[in-house]
Amino acid sequence: MKKFLVFMCVLLAVTAASAQFKSASLQASGLTCAMCSNAINKSLKTLSFVESVESDIKTSSFAITFKEGADINFDQLRKKVEDAGFSVAKLQVKAVFNNVAVQNDQQVTVDGKVLHFLAVKNQQLSGEQTFTIIDKNFLPAKEYKKYAGLTKAESYKSGQANGMRVYHVTI
């Protein structure tokens, strides 16, 4: 019964919102040459929700366009980079929001994903906005630790809350 009540509280705290993920900018670390960049590029293109990938070897970054209406999986993006032998240094996602209310240290469900906003002011997101995923393995350890002090939510350490994947983000 207690678990049910906790689940219901979390469910009520997570507000459903309307938005669509359009694209992402992924910066990888550990690249030393064009072949490294090519390995990540090829790996990312195998994902069913990826429309296209353009790489910039000078900045070790990848501009990823998502297929319209596809179910986007940020963990799969990270895994494809790691499978190529590298790590994600930064992942920024561009989405089109439709009047979504966000508050600091609160969650909203966006396009089927639970996003927990940190280091943000209370605001309404409308139109095209970019957010950065600040979970472990999506940024350097030093930055991850910096954000850890901004929340008491256990989900920041585990990425999970009541069996649901929670992505911690900032604008």
Enumeration of residues in segment 117-152 that are in a strand (DSSP E or B) and either open to solvent by less than 10 Å² (accessible area, probe 1.4 Å) or within 24 Å of Glu82 (Cα to Cα) (or both): Phe117, Leu125, Thr130, Phe131, Thr132, Ile133
Complete set of residues in segment 83-102 that are open to solvent by 50 Å² or more (accessible area, probe 1.4 Å) and either β-branched (Val, Ile, Thr) or under 11 Å from the mean Cα position of the chain (by Cα) (or both): Lys90, Gln92, Lys94, Val96
Residue ID - surrounded by the most Cβ atoms within 10 Å (Cβ to Cβ), chosen from residues in segment 56-82 that are under 21 Å from Asp135 (Cα atoms) and of a type in the set (Lys, Arg): Lys80
Any pair with Cβ under 8 angstrom, 6 or more apart, that starts in segment 154-171 at a residue that is open to solvent by 60 Å² or more (accessible area, probe 1.4 Å) and ends at one that is among the aliphatic types (A, V, I, L, M) and assigned to a loop (DSSP other than H, G, I, E, B): Ile171/Val120
Selection within segment 67-92 - touching a Ser or Thr at 6+ places or on another chain (Cβ under 9 Å) and in contact (Cβ under 8 Å) with a residue 60 or more places away in the chain: Arg78, Val88, Ala89, Lys90, Leu91, Gln92
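The values are calculated or read from the model by the stated rules, or taken from the named source; none is laboratory data. Owing to the predicted nature of the structure, the values given are computational and were not obtained by experimental measurement. Cβ: placed from backbone, ideal geometry, glycine included. Neighbour counts: every protein chain shown. Quick note on the areas: whole protein, heavy atoms, side chains included, nothing else; ligands and nucleic acids left out. Shrake-Rupley method; radii C 1.70, N 1.55, O 1.52, S 1.80 Å.
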